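A.B. asks: So that we are looking at the same thing, I have put the structure below in structure tokens.
The values are calculated or read from the model by the stated rules, or taken from the named source; none is laboratory data. Values in this document were obtained by computation on a predicted structure and should not be read as measured data. Every residue, glycine as well, gets a Cβ built from its backbone with ideal geometry; the counts of neighbours run over all protein chains shown.
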Amino acid sequence: MNPVSELIKNLADQHGRERRNLLPILQGVVEQEKYLSEFSMIEIARELDLPAAEVYGTATFYSFLEHKKMGKHIIRVCKTITCSMKGKNQILLAIEDMLKISLGETTPDGNFSLLQTNCLGFCHKAPAMLINNEIYTELTPEKVREILSSYMKKKGGSHDN
């Protein structure tokens, strides 16, 4: 059996095969595979006996359920008005300049993907970003360069969330 099919079957066994269990199953696949491939969405639809369009619609509605292959480290920069007023654009420019990628892109080595996201819940410490599951606040371009440098140095190190 295909490893993704096996993962989906195990998640369905664990959570149940009702429509209400779709989201935890989608989250479980992203946790293991880092994104939802077209194949995995079709497999989930088959396993739960749902239309594939319903699975795809749910998957694409939520911003943390990636449906294309992402880098090892997903950088999500908060795009709220508070972060914008506190210098989000300079943060984005620093990241883009350092990694040589634009929003929505992944570095050629597959290490980093850069995305914007809605509120991370740290408006009082804006601007903020999330790298995988690690939050970084009160960012400056210099602080961002230090953070990214530490991820680049520790390839395969302690930042593997």
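A.B. asks: Would you check if residue 123 is surrounded by fewer than 15 Cβ atoms within 10 Å (Cβ to Cβ), within 15 Å of residue 84 (Cβ to Cβ) and not assigned by TED's automatic domain parsing to the domain that holds residue 34?
C.D. replies: Criteria not met by residue 123.
A.B. asks: Right, here's the next one. What is the number of the single condition among (1) modelled with pLDDT under 95; (2) of a type outside the set (Asp, Glu); (3) in contact with a helix residue (DSSP H, G or I) (Cβ under 6 Å, 6 or more places away or on another chain); (4) closer than 24 Å to residue 109 by Cβ that residue 56 does not meet?
C.D. replies: (4)
A.B. asks: Given the criteria surrounded by fewer than 14 Cβ atoms within 10 Å (Cβ to Cβ) and not aliphatic (A, V, I, L, M), does residue 28 qualify?
C.D. replies: Working: surrounded by fewer than 14 Cβ atoms within 10 Å (Cβ to Cβ): no; not aliphatic (A, V, I, L, M): yes.
No; evaluated as a whole, the condition is false for this residue.
A.B. asks: Which residue is modelled with the lowest pLDDT, if the candidates are limited to region 74-92 and must be aliphatic (A, V, I, L, M) and closer than 20 Å to residue 111 by Cα?
C.D. replies: 74
A.B. asks: Additional query: Does any residue of region 59-70 turn out to be of a type in the set (Asp, Glu) and either modelled with pLDDT of 90 or more or within 28 Å of residue 42 (Cβ to Cβ) (or both)?
C.D. replies: Just the residues of region 59-70 that are of a type in the set (Asp, Glu), to begin with: 66.
Among the residues that remain, those that are also either modelled with pLDDT of 90 or more or within 28 Å of residue 42 (Cβ to Cβ) (or both) are: 66.
Among the residues of region 59-70, at least one is of a type in the set (Asp, Glu) and either modelled with pLDDT of 90 or more or within 28 Å of residue 42 (Cβ to Cβ) (or both), which makes the answer yes.
A.B. asks: Another question about this same structure. Can you find, within region 126-142, the residue that is surrounded by the most Cβ atoms within 10 Å (Cβ to Cβ) among those that are touching a Leu at 6+ places or on another chain (Cβ under 9 Å) and either outside any strand (DSSP E or B) or outside the structural domain of residue 84 (by TED's automatic domain parsing) (or both)?
C.D. replies: Pass one, region 126-142, residues touching a Leu at 6+ places or on another chain (Cβ under 9 Å): 126-131, 135-137, 141.
Within this subset, residues satisfying the condition of being either outside any strand (DSSP E or B) or outside the structural domain of residue 84 (by TED's automatic domain parsing) (or both) are 126-128, 137, 141.
Working: 126: 22, 127: 29, 128: 26, 137: 16, 141: 16.
Checked region 126-142; the qualifying residue surrounded by the most Cβ atoms within 10 Å (Cβ to Cβ) is 127.
A.B. asks: Scan region 93-107 for residues that are charged (D, E, K, R), touching a residue at least 12 places away in the same chain (Cβ under 8 Å) and under 16 Å from residue 68 (Cα atoms) and jot them down.
C.D. replies: Step one: filter region 93-107 for residues charged (D, E, K, R), giving 96-97, 100, 105.
Restricting the remaining residues to those that are touching a residue at least 12 places away in the same chain (Cβ under 8 Å) gives 96.
Passing the criteria: none in range.
A.B. asks: Then there's this: Select the helices (runs of 4 or more DSSP H) contained entirely in region 1-114, then report the ones holding at least 3 residues which are closer than 30 Å to residue 141 by Cα and not hydroxyl-bearing (Ser, Thr, Tyr).
C.D. replies: On the way: elements: 3-15, 22-33, 38-48, 52-61, 81-85, 88-99.
So the answer is 81-85, 88-99.
A.B. asks: So for region 104-119 (the condition being over 30 Å from residue 20 (Cα atoms), acidic (Asp, Glu), out of contact with any helix residue (DSSP H, G or I) (no Cβ under 7 Å at 6 or more places or on another chain) and surrounded by fewer than 17 Cβ atoms within 10 Å (Cβ to Cβ)), does at least one residue qualify?
C.D. replies: Yes, region 104-119 contains a residue that is over 30 Å from residue 20 (Cα atoms), acidic (Asp, Glu), out of contact with any helix residue (DSSP H, G or I) (no Cβ under 7 Å at 6 or more places or on another chain) and surrounded by fewer than 17 Cβ atoms within 10 Å (Cβ to Cβ).
A.B. asks: For region 24-69, name all the residues that are farther than 16 Å from residue 4 by Cβ and in contact with a Ser or Thr (Cβ under 7 Å, 6 or more places away or on another chain).
C.D. replies: Listed by number, the list holds a single entry, 63.
A.B. asks: Evaluate the following for residue 49: is it among the acidic types (Asp, Glu), modelled with pLDDT of 90 or more and under 27 Å from residue 11 (Cα atoms)? Working first, answer last.
C.D. replies: Values: among the acidic types (Asp, Glu): yes; modelled with pLDDT of 90 or more: yes; under 27 Å from residue 11 (Cα atoms): yes.
It is true that residue 49 is among the acidic types (Asp, Glu), modelled with pLDDT of 90 or more and under 27 Å from residue 11 (Cα atoms).
A.B. asks: If we scan region 66-88, do we find a residue that is touching a Leu at 6+ places or on another chain (Cβ under 7 Å) and of a type in the set (Lys, Arg)?
C.D. replies: Yes, some residue in region 66-88 is touching a Leu at 6+ places or on another chain (Cβ under 7 Å) and of a type in the set (Lys, Arg).
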